[in-house]
Amino acid sequence: MTQTSSASAPRSTSRPLLQTLFAQRAQAVIPSPFGAEIPGAVPVVTSFTFGLADPRLFPKADLARATAEVLAEDGDNALNYGGTFAGLIDVVLQLMRDRGVEAQPENLLIGYGSGQILGLLPQVFVEPGDVVIVEGPTFMGAVSRFAAAGARLISIPVDGEGMVVDRLEEVLRDLARQGIRPRFVYTIPTFQNPKGCTLSGPRRQKLVQLAAEYGVVVVEDEAYYDLRFAGDPLPSLAALDREGWVLHVGTFSKIVVPGVRVGWACGHPEIIRRLEMFRSEGSLGPFLGRVVARYCGEGRLQSHIQLLTRRYREKCQVMLEAIAQYFPPEVKVEAPGGGFFVWCELPPSLSASTLLQATRALGVTFLPGTHCFADGQGEHALRLAFSYQPEERIVSGIQIIGEQLHRLIHSCASGAEQQGKELSKSMDP
Ligand SMILES: Cc1ncc(COP(=O)(O)O)c(C=O)c1O
């Protein structure tokens, strides 16, 4: 009889002993509240939590064709070590030209998703305690990386016209008085995640002017730039910048598929070179670069963007109509001009986490606003992603959230009424 000896997974290491090995910056890793399913909990039927792309819009056949062509025509180079494929650099330079920026290859860094590039920023710019300015609300996927590097985050509010640049000016002036120069300002100017709003033309001009005046880098994350539901694009900050203070970050995740993990940064060669220094894997994979470039050729990318824009606009419309039908009028909602998200503001008596508890028990989830702020705000707001769910699920999910909103608002009101009665009773002579 053969004896098989299987080693059990190494779970028994003394935790405190192991933790003493971790670098300071690795000690503070916070577990995601969304990762694991809670045992015994109602399964999530309709999630509006994440900004996932709609799988029905994945160009699978065209990607398969592009892959087969790359392997047949250039397989030896595609499958070996090598630098970033020149054809992909040309595709990104053209995308930058469409955004009003005449760039050169030395202005570009192509990486594994814009997330990778945003994660490299603190390595280049941040010492613990350095100030980084972000929007409130913002995309915490990037901002949590700045925080993990020890950045002192200052949040600037966002209204219907994007970041409140006048407030940014006040903050920059105050910091300058204290001799503090922020390392960078992180902004999502177009179809902001999570608010869906777009930085107005005059604010764009002023932001670029402030960057030059205070000598501060502006990182403009344009993940959703091409997913515009109507109208003409505004100039990107990089297009307005004459001095090289703007680092533009883009991605193929929203315009091709997230699974390719290809994004880029375009900016001053000094910044690009330093970002490159911290990429341990070297260039983008030669195979991946060739497949994406081949896919994008012959006008395919532009016609795919048109299809995506039309479909996401329709899905957004379905969500907005369902909200108008099912949500109580106390909930404030602004229609986004593009992107993946609808942002809702609840009355101050209602918290998004209480609402989530109620809808989660019925199989519907969303992102509570507190997950979109670096400074703990957002208790009375929530983000709904319309990008992933099919239309019928959007309607049924919004109906469930709407019913819970009515119920909670009603119970708050009757609670307040009851309290009022008790108070007036206790004041009776
Ligand atoms: C504003 C913003 N920036 C960056 C990213 C990351 O994109 P990528 O897939 O290129 O890493 C996302 C993803 O949701 C995003 O919403």
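The values are calculated or read from the model by the stated rules, or taken from the named source; none is laboratory data. This is a predicted model, so every value here is computed, not measured. So basically every Cβ, Gly included, is an ideal-geometry build from the backbone, and we count neighbours across all protein chains shown. Calculation scope for accessible area: heavy atoms of the full protein, side chains included, ligands and nucleic acids excluded. Shrake-Rupley method; radii C 1.70, N 1.55, O 1.52, S 1.80 Å.
When the convex hull of its Cα atoms is viewed from all sides, the chain shows a mean projected area of 30.5 nm².
Near L227, the amide H atoms lying under 5 Å from its own belong to G339; only residues 5 or more places off or on other chains count, and H is placed 1.01 Å from N.
Counting protein heavy atoms only, the chain has 54 percent of its accessible area on carbon and sulfur, 1.4 angstrom probe.
On a 0 to 90° scale, report how tilted helix 391-426 is relative to the longest principal axis of the chain, with both axes built from alpha carbons and the result rounded to the nearest 10. Computed tilt is about 40 degrees.
In the context of the full set of protein chains, residues of the stretch 253-392 present 41 Å² of accessible surface per residue (probe radius 1.4 Å, heavy atoms only).
Helix-only arithmetic for the chain: the sum of -39500 (n - 2.57) across DSSP H runs with n ≥ 4, divided by the residue total, places the mean residue ellipticity at 222 nm at -14000 deg cm²/dmol.
Applied to the stretch 77-88, the Karplus parametrisation 6.51 cos²θ - 1.76 cosθ + 1.60 on θ = phi - 60° returns per-residue 3J(HN,Hα) values of 6, 4, 9, 9, 4, x, x, 5, 4, 4, x, 6 Hz, with x for Gly and Pro. Karplus-derived 3J(HN,Hα) values for the stretch 186-193, using 6.51 cos²θ - 1.76 cosθ + 1.60 with θ = phi - 60°, are 9, 9, 10, x, 10, 6, 3, 9 Hz; glycine and proline are entered as x. Electrostatic bookkeeping for L57 treats Lys and Arg as +1 and Asp and Glu as -1; over the other residues with beta carbon under 14 Å from its beta carbon, the sum is +3. Taking 0.36 nm per residue of sequence separation and removing the Cα-Cα distance, the V45/D74 pair yields an extension gain of 6.1 nm. Computed from the alpha carbon positions, the gyration tensor of the stretch 60-298 leads to an equivalent ellipsoid with semi-axes of 32, 19, 15 Å, biggest first. Approximating the spin labels as points 7 Å out from Cα along Cα→Cβ, the R167-to-E270 distance works out to 3.1 nm. In this simple spin-label approximation, V333 and Q205 carry label points 7 Å from Cα along the Cα→Cβ vector, and these lie 3.5 nm apart.
Using a simple spin-label model with pseudo-atoms 7 Å out from Cα toward Cβ, T354 and Q123 lie 4.5 nm apart. The phi torsions of the stretch 128-133, fed into the Karplus equation with coefficients 6.51, -1.76 and 1.60 and a -60° offset, translate into couplings of x, x, 5, 8, 10, 9 Hz, rounded to whole numbers, with Gly and Pro shown as x.
Lysine pairs, Cα distance under 25 Å, 8 or more residues apart or cross-chain: how many in the chain?
8
In this structure, the amide hydrogen of L367, modeled 1.01 Å from its nitrogen in the peptide plane, lies closer than 5 angstrom to those of R383, A385, counting only residues at least 5 positions away or on a different chain.
Using the Cβ-Cβ distance between F278 and R181 with R0 set to 22 Å, the FRET efficiency works out to roughly 0.50.
Charge tally around L121: other residues with Cβ under 12 Å, Lys/Arg +1 each, Asp/Glu -1 each, net +1. When the charge dipole of the stretch 60-298 is built from unit charges on Cβ atoms (+1 for Lys and Arg, -1 for Asp and Glu) and taken about the Cα centre, the candidate among N77, G100, G244 whose Cα reaches farthest toward its positive end is G244. In a reduced charge model with +1 at each Lys and Arg Cβ and -1 at each Asp and Glu Cβ, the stretch 60-298 shows a dipole moment near 480 debye about its Cα centre.
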